[in-house]
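A short worksheet on the structure shown next.
Values quoted throughout were computed directly from the atomic coordinates according to the rules given, and no laboratory measurement underlies them. Computed from a predicted model, the values in this text were never measured in an experiment. Positions of Cβ are generated from backbone atoms using ideal geometry, with glycine treated the same way; all protein chains shown enter the neighbour counts.
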Amino acid sequence: MAKEKTLTCINCPLGCQLSVKIDGDKIEVSGFSCPRGEKYAKEEVLHPVRVITSTIPVVNGEVPMVSIKTKGEIPKDKIMECMISLKGLKAKAPVHEGDVILANVCNTGVDIIATKEVKAI
């Protein structure tokens, strides 16, 4: 029996409403305005991934927090595990944009990096 799923494409501001029909190994997508929408829909139903963003405290920094993110996409089902691994994590100033804050988060092969500079006080 075929399954149907409705998605909103997030690849551009158009936000196309996509209809995805899954019948075994066959995936049929409609409603996209460009090839990126079709690709997004197929990836979203087969292997959804996300970039995670957050903030952590900075020790001895000119500001108390630094923004962080995953350097790449992680599997959607690893989001909560990833966020739990950030609990209690702190960076020591100075922090530079791109610094690895936590390597290989949750064995995904993806690092957590700083997204801005924080000078030491």
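Taking other C-beta atoms within 10 Å as the exposure proxy, K42, K78 rank K42, K78 from fewest upward. Among L18, L89, L102, L46, the order by Cβ neighbours within 10 angstrom, fewest to most, reads L46, L89, L102, L18.
Relative to the longest principal axis of the Cα atoms of the chain, helix 35-46 runs at roughly 80 degrees.
Largest GNM mean-square fluctuation among I84, I56, I68, using the chain with Cα springs under 10 Å: I84. Place +1 on the Cβ of every Lys and Arg and -1 on the Cβ of every Asp and Glu in the chain, take the dipole about the Cα centre, and give the residue among V110, L86, A41 whose Cα lies farthest towards its positive end. Checking the options against the dipole of the chain, the answer is L86. Remark: K92, K39 ranked as K92, K39, counting other beta-carbon atoms within 10 Å and listing the fewest first.
So between K76 and H47, what do we pick up on full extension, going 0.36 nm a residue minus the alpha carbon distance?
Extending this stretch completely gives an extra 9.6 nm.
Checked against a 20 Å cut-off, the cross-linked pairs K78/K119; K5/K26; K3/K78; K3/K42; K69/K90 give Cα-Cα distances beyond that limit for K78/K119; K3/K78.
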